[in-house]
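Asks: Following this message is one structure expressed as structure tokens.
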Amino acid sequence: APAFFEWLCRMGDSALVLGHRVSEWCGHAPALEEDIAMANTALDLIGHTQMWLGLAGEVEDKGRDADALAYLRDALQFRNLLLCELPNGDMGVTIMRQFLFDARHYALLMRLTGSVSPRVAEIAAKAVKEASYHLERSSDLVVRLGDGTDESQRRMQAALGQLWPYVDEMFVADAVDEAVAKAGIAPDPSDLKAEWEETVRSVLAEAMLDMPGPAGFAQTGGVIGRHTEHLGYILAEMQFLQRAYPGARW
Amino acid sequence: APAFFEWLCRMGDSALVLGHRVSEWCGHAPALEEDIAMANTALDLIGHTQMWLGLAGEVEDKGRDADALAYLRDALQFRNLLLCELPNGDMGVTIMRQFLFDARHYALLMRLTGSVSPRVAEIAAKAVKEASYHLERSSDLVVRLGDGTDESQRRMQAALGQLWPYVDEMFVADAVDEAVAKAGIAPDPSDLKAEWEETVRSVLAEAMLDMPGPAGFAQTGGVIGRHTEHLGYILAEMQFLQRAYPGARW
Amino acid sequence: MTPEEQAFQDRVDRGEKIEPKEWMPEGYRKTLIRQIGQHAHSEIVGQLPEGNWITRAPTLERKAILLAKVQDEAGHGLYLYSAAETLGVSRDELTEKLHSGAMKYSSIFNYPTLTWADMGAVGWLVDGAAIMNQVPLQRTSYGPYSRAMIRICKEESFHQRQGYAIMMKMAEGTPAQKEMAQDALNRFWYPSLMMFGPSDAESVHSAQSIAWKIKINTNDELRQKFVDQTVPQAEYLGLSIPDDNLRWNEEKGGYDFSEPNWSEFFEVIKGNGPCNRERMNARVKAWDDGAWFREGLYAHAEKAAHRRAAATTAAE
Amino acid sequence: MTPEEQAFQDRVDRGEKIEPKEWMPEGYRKTLIRQIGQHAHSEIVGQLPEGNWITRAPTLERKAILLAKVQDEAGHGLYLYSAAETLGVSRDELTEKLHSGAMKYSSIFNYPTLTWADMGAVGWLVDGAAIMNQVPLQRTSYGPYSRAMIRICKEESFHQRQGYAIMMKMAEGTPAQKEMAQDALNRFWYPSLMMFGPSDAESVHSAQSIAWKIKINTNDELRQKFVDQTVPQAEYLGLSIPDDNLRWNEEKGGYDFSEPNWSEFFEVIKGNGPCNRERMNARVKAWDDGAWFREGLYAHAEKAAHRRAAATTAAE
């Protein structure tokens, strides 16, 4: 598939799958404020999905809209980062995953506001406001829980260790990334790493958490459709109605 | 739908859904012997499903085979007992659920070997051998865990309490049951209750577990398609491939 | 009635709002705590049956709308706990009473949501019945409660319209969708009628609550109003109300209809509904699993306060 | 070599089977425990990647076949632990070593199963490679191990045929199915080649193990044999082996092929594969959550034994 379409699917699918995971917390969060915040984050991410996949469908020009892309592709066709599909675990894992994602998401969207593609720039300009708030919120929670009780610190550090092998995937460039970078549509993902590291380093320091060294063996493959075993279950649930009632309108 | 078809779906769906639940334990059981036994029970139940739903498809005569019935009906069309779809919980819940089901399953299948329908009698004759073994095994485990440690007893008693509101559904007769009973195909479910109670009472006594009194407010509705919230998730997972790749052969 | 109580009743009768720091009868305070607390709990538990379909919403737009709705419910819970807190009871105390079973939540949430049409039926019928209860409460005598209700009612009527829009899509959809819509109506009709509570004839607290303007209408008045509003909406959808006795009564200018099964109502209240155990387990699990989280935040706040205090001292 | 060791080696050389109570060198015993234990663990952990698709099997028949297969794997684990027990190590001890990371299982099970075609690829390639390793071990010098292998090989070859049958259906199916089949082959090809272990040149234990007939062929021999067997099977399916260097070498009468990425192999062994953490977490959780269950059964057995003893005494 053309690089621009592939890249848009990566943007949309990461938002969709992370939004799905976050939405699983609705009604099950540890405090009412978190129920609200989780629903809000999920809502923002689903909104991003609509914009990215909507544009992907237009770019592809085969009559697939955002819903068709979200609901009628199987796991091998999904292009989200592995980080986004990992199970929620406890709130520590959920928040740390969000923080690691947000720090890169914000940096990426900021650059995208200057994309040569006016459509991309426009979507990024909308999304970056929300992403900025997400990053503020997840950073704040990482700090408060890292520098909270011994237990909350232990859990946050464990979450970080568990998620760390998945962060490199956010900064590895392949032919798709190179093509959209060359076209001026998006930055090369590796160019985001320094800014991301700076954010992560300073938040973790304030949170009294140890930043792990480089992951020896990075877990990658999501953006080319090689996922974890978790994605299939997410899609089975997410896509059930569209699959079971093809062509119905809702 | 004609009563005989409905009744066959009830038989098949209960086997299918319970088999699904039991199969979730594969590789996750507390002892290797249990991994084997669980897989074996699930396998038997899937075998029963093939026979009952296969016959249901023939009786319906609309070109639906067992797979079409298993994989292409949504929750409102499923006819399994609620008991069968309840989550596995711990092994105590799983074993107690199996025992409560097996005690009725065995009694029912024994009667069905004398059905006026030779096809039903034939299926029952095959299935009852396995059901007899299931009952033996689940009774034995109930006794050993009930009369085991304090904790195992506590868990078994809790499991019994949790499942008890769902047992009445096994013995309530509606128009479908009355029609097949009248036709001599199957016993009236209420006729099975005494035998079931006898089995349950004696096993629980040996297990040092208290038999609860009559459930104040029975949970029913599975056999007419009013399920718990759990069934939808079971079907989303179970039916994914058939739904996502309509018409494909596997 | 003591002179104080009389003066209080006079204020209520004049339509004045009672504010948190003003004198009020103990019974008024207690009744309000129970009523507002129960309403708050209902919003919280009410996240669960709808939350059950968020991950399975059939389109991205429906998913977003449902997320926003569930988020609003949590928000309503927040307003209401805040209103209750002005009466001297903390959110944590109320939460504990919910979890111990000492306080209730609306029984409707003990029914399962089984198909996507239930997202329509819950919005249309359950929120519809809730609004019917809540609109008059915008005029309730207790200021913070009245203000919370005003805010909530605005959002609820939006939810109700969204629910009705889902029902509309389902009712005009494929035969399978229409079947789901009818089935959802069949299952939610009587539980919705139960939301107004048993006939006031059987309720001991009603008269006093009405005098205090904590309750504005009788249960039967509201139920009748709900039926009269809902029947034409069902007709417009082409769906049948599951009640053979339903018919227009020209004389009373409203529908005659069958009573819900009140013994079912009392069983569900007692904990024997289809989902009581699951709802409470889900909430208690969320709370217990989240203890470390809340404690972490609390510890951090303490540390930060100490640090600020130390910094201030050092600066002096 | 001591005279005892010499006599032992002579028996092995003559093709005699060594039986549990007979004398054996400590190194022989230890190596066998490691090898049999690792094999047993592999069967147990190997339930997980295939178990992952039981609830999603696309037809009832496929579900039944897969259930039977996973059940067989647990059964193989049982035979093998029993064989290891004859060497004086209990199943619980071995299990504990698995959970602590002191003992390994086959690295292949640290790769995920992502589509239904993986059920085909696992049967065809992974069981195929396993059989290649196991068939010669039917002639291994240790009696109980040899007998376990005979039993296991029979079932494994059945599994392999079933896996190939799945691949066949997928490869001759819709374009989407064929894509899944090719993708599964792409993902499982090199990990399957790794199953034979690094080249023997790099393995220190091999020579002694071969002398003891614990190991019959070299890793490279078996790998070559596997490639030579598998390439035509892939061709028959119409699938491409993901190796540009693959070509028939007339001279050696076998295929030339690319080495797998051995640094990946060692990373996966170290715990950094895609699923190491999940596999081990799943097993440890099963074990820990099941402690009460095992303790309950044990306590019951104790009670029953006491009762029997008391009854016997009373009867005397």
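Asks: Taking the conditions exactly as written (open to solvent by less than 40 Å² (accessible area, probe 1.4 Å), farther than 20 Å from C:Pro260 by Cβ, under 18 Å from the mean Cα position of the chain (by Cα) and β-branched (Val, Ile, Thr)), does C:Ile214 satisfy them or not? Spell out the reasoning first.
Replies: Working: open to solvent by less than 40 Å² (accessible area, probe 1.4 Å): yes; farther than 20 Å from C:Pro260 by Cβ: yes; under 18 Å from the mean Cα position of the chain (by Cα): yes; β-branched (Val, Ile, Thr): yes.
Considered against the rule, which asks whether it is open to solvent by less than 40 Å² (accessible area, probe 1.4 Å), farther than 20 Å from C:Pro260 by Cβ, under 18 Å from the mean Cα position of the chain (by Cα) and β-branched (Val, Ile, Thr), C:Ile214 comes out as yes.
Asks: Do we have A:Asp147 as of a type outside the set (S, T, N, Q), modelled with pLDDT of 95 or more and more than 22 Å from the chain's Cα centre (by Cα) here?
Replies: Spelling it out, A:Asp147 is indeed of a type outside the set (S, T, N, Q), modelled with pLDDT of 95 or more and more than 22 Å from the chain's Cα centre (by Cα).
Asks: Quick check on the range B:61-69. Is at least one of its residues open to solvent by less than 10 Å² (accessible area, probe 1.4 Å) and either touching a residue at least 60 places away in the same chain (Cβ under 8 Å) or touching a helix residue (DSSP H, G or I) at 6+ places or on another chain (Cβ under 6 Å) (or both)? Steps first, answer last, please.
Replies: Just the residues of the range B:61-69 that are open to solvent by less than 10 Å² (accessible area, probe 1.4 Å), to begin with: B:69.
So of that shortlist, the ones also either touching a residue at least 60 places away in the same chain (Cβ under 8 Å) or touching a helix residue (DSSP H, G or I) at 6+ places or on another chain (Cβ under 6 Å) (or both) come out as B:69.
Yes, the range B:61-69 contains at least one residue that is open to solvent by less than 10 Å² (accessible area, probe 1.4 Å) and either touching a residue at least 60 places away in the same chain (Cβ under 8 Å) or touching a helix residue (DSSP H, G or I) at 6+ places or on another chain (Cβ under 6 Å) (or both).
Asks: Within 30 Å of B:Thr113 (Cβ to Cβ), more than 13 Å from chain C (Cβ to nearest Cβ) and either open to solvent by 50 Å² or more (accessible area, probe 1.4 Å) or out of contact with any Lys or Arg (no Cβ under 8 Å at 6 or more places or on another chain) (or both), is that true of B:Ala186?
Replies: no
Asks: Residues of the range B:145-154 being open to solvent by 20 Å² or more (accessible area, probe 1.4 Å) and without any contact (Cβ under 8 Å) to a residue 40 or more places away in the chain, which ones?
Replies: The initial filter retains those residues of the range B:145-154 that are open to solvent by 20 Å² or more (accessible area, probe 1.4 Å), namely B:149-151, B:153-154.
The answer is B:Thr149, B:Asp150, B:Glu151, B:Arg154.
Asks: Then there's this: Here are some conditions: (1) surrounded by fewer than 19 Cβ atoms within 10 Å (Cβ to Cβ); (2) within 14 Å of another protein chain (Cβ to nearest Cβ); (3) under 18 Å from the mean Cα position of the chain (by Cα). A:Lys193 meets all but one. Which one does it not meet?
Replies: The single condition A:Lys193 does not satisfy is (2).
Asks: I would also like to ask the following. Restricting to the range C:217-247, and then to whatever is of a type in the set (Ser, Thr, Tyr) and closer than 30 Å to C:Thr174 by Cβ, can you tell me which residue is least open to solvent (accessible area, probe 1.4 Å)?
Replies: Out of the qualifying residues, it is C:Thr230.
Asks: Out of B:Ala56, B:Ala70, which single residue is in contact with a Cys (Cβ under 8 Å, 6 or more places away or on another chain) and either of a type in the set (S, T, N, Q) or within 22 Å of B:Glu169 (Cα to Cα) (or both)?
Replies: None of the others qualify; the one that does is B:Ala56.
Asks: Ok, one more. On the given criteria, is D:Gly271 at positive phi and either of a type in the set (A, V, I, L, M) or part of a helix (DSSP H, G or I) (or both)?
Replies: In short, yes.
Asks: Only one of B:Gln219, B:Gln242 is surrounded by 17 or more Cβ atoms within 10 Å (Cβ to Cβ), within 14 Å of chain C (Cβ to nearest Cβ) and at negative phi; which?
Replies: On the way: B:Gln242 fails: within 14 Å of chain C (Cβ to nearest Cβ).
Result of the check over B:Gln219, B:Gln242: B:Gln219.
Asks: Identify the single condition in (1) under 24 Å from B:Arg249 (Cβ atoms); (2) within 14 Å of chain B (Cβ to nearest Cβ); (3) at pLDDT below 95 that D:Glu155 does not satisfy, given that it satisfies every other one.
Replies: (1)
Asks: Continuing with the same structure: Quick one: which of C:Glu259, C:Glu264 is over 26 Å from A:Gly89 (Cβ atoms), of a type in the set (Asp, Glu) and open to solvent by 50 Å² or more (accessible area, probe 1.4 Å)?
Replies: Values: C:Glu264 fails: open to solvent by 50 Å² or more (accessible area, probe 1.4 Å).
Just one listed residue meets the conditions, C:Glu259.
Asks: Restricted to the range A:1-48, and to residues that are assigned to a helix (DSSP H, G or I) and of a type in the set (Phe, Trp, Tyr), which residue is nearest to the other protein chains (Cβ to nearest Cβ)?
Replies: A:Phe5
Asks: While we're on this one: Out of all the residues in the range D:268-278, which are away from chain B (no Cβ under 14 Å) and either touching a residue at least 24 places away in the same chain (Cβ under 8 Å) or among the polar types (S, T, N, Q) (or both)?
Replies: D:Val268, D:Ile269, D:Gly271, D:Asn272, D:Gly273, D:Pro274, D:Asn276
Asks: For the range C:279-293, which positions are at the interface with chain A (Cβ under 8 Å from one of its Cβ atoms) and surrounded by fewer than 17 Cβ atoms within 10 Å (Cβ to Cβ)?
Replies: C:Lys285, C:Asp289, C:Ala291, listed by residue number.
Asks: Condition check: within 17 Å of D:Leu114 (Cα to Cα) and among the basic types (Lys, Arg). Does D:Arg34 satisfy that?
Replies: For D:Arg34, the condition - within 17 Å of D:Leu114 (Cα to Cα) and among the basic types (Lys, Arg) - is not met.
Asks: Show me the helices (runs of 4 or more DSSP H) entirely contained within the range C:15-125 in which 1 or more residues are open to solvent by 50 Å² or more (accessible area, probe 1.4 Å), over 30 Å from A:Arg64 (Cβ atoms) and within 13 Å of chain A (Cβ to nearest Cβ).
Replies: The helices (runs of 4 or more DSSP H) meeting that bar are C:60-85, C:91-100.
Asks: Quick one: B:Ala1 ticks every box in (1) in contact with a Phe, Trp or Tyr (Cβ under 8 Å, 6 or more places away or on another chain); (2) modelled with pLDDT under 95; (3) not hydroxyl-bearing (Ser, Thr, Tyr) bar one, so which box is it?
Replies: Looking at each condition in turn, B:Ala1 falls short on (1).
Asks: Now a separate question. Name the residues in the range B:224-239 that are open to solvent by less than 30 Å² (accessible area, probe 1.4 Å) and either touching a strand residue (DSSP E or B) at 6+ places or on another chain (Cβ under 8 Å) or touching a residue at least 60 places away in the same chain (Cβ under 8 Å) (or both), would you?
Replies: B:Gly225, B:His227, B:Thr228, B:Leu231, B:Gly232, B:Ile234, B:Leu235, B:Met238, B:Gln239
Asks: If you don't mind, another one. Which of the numbered conditions does B:Gln157 fail, given that it passes all the others? Conditions: (1) under 29 Å from B:Ile123 (Cα atoms); (2) away from every other protein chain (no Cβ under 12 Å); (3) crowded, with 18+ Cβ neighbours inside 10 Å.
Replies: (1)
Asks: Restricting to the range B:68-99, count the residues that are of a type outside the set (Asp, Glu), under 30 Å from B:Ala248 (Cβ atoms) and not in a loop (DSSP other than H, G, I, E, B).
Replies: So the count comes out to 8.
Asks: Still on this structure, please answer the following. Output the residues belonging to the range C:13-45 that are in contact with a strand residue (DSSP E or B) (Cβ under 7 Å, 6 or more places away or on another chain) and β-branched (Val, Ile, Thr).
Replies: Selection gives C:Ile18 alone.
Asks: Would you mind telling me which numbered condition in (1) within 14 Å of chain D (Cβ to nearest Cβ); (2) within 30 Å of A:Thr149 (Cα to Cα); (3) charged (D, E, K, R) A:Arg226 fails?
Replies: Failed condition: (2).
Asks: Kindly evaluate A:Thr41 against the criterion of being β-branched (Val, Ile, Thr) and out of contact with any His (no Cβ under 9 Å at 6 or more places or on another chain).
Replies: No: the conditions fail for A:Thr41.
The values are calculated or read from the model by the stated rules, or taken from the named source; none is laboratory data. Note that the structure is a prediction, hence the values are computed from the model and not measured. Because the Cβ atoms are built from the backbone with ideal geometry, glycine has one as well, and the counts that use them run over all protein chains shown. Accessible surface is based on the protein model in full, side chains and every heavy atom, while ligands, DNA and RNA are left aside. Shrake-Rupley method; radii C 1.70, N 1.55, O 1.52, S 1.80 Å.
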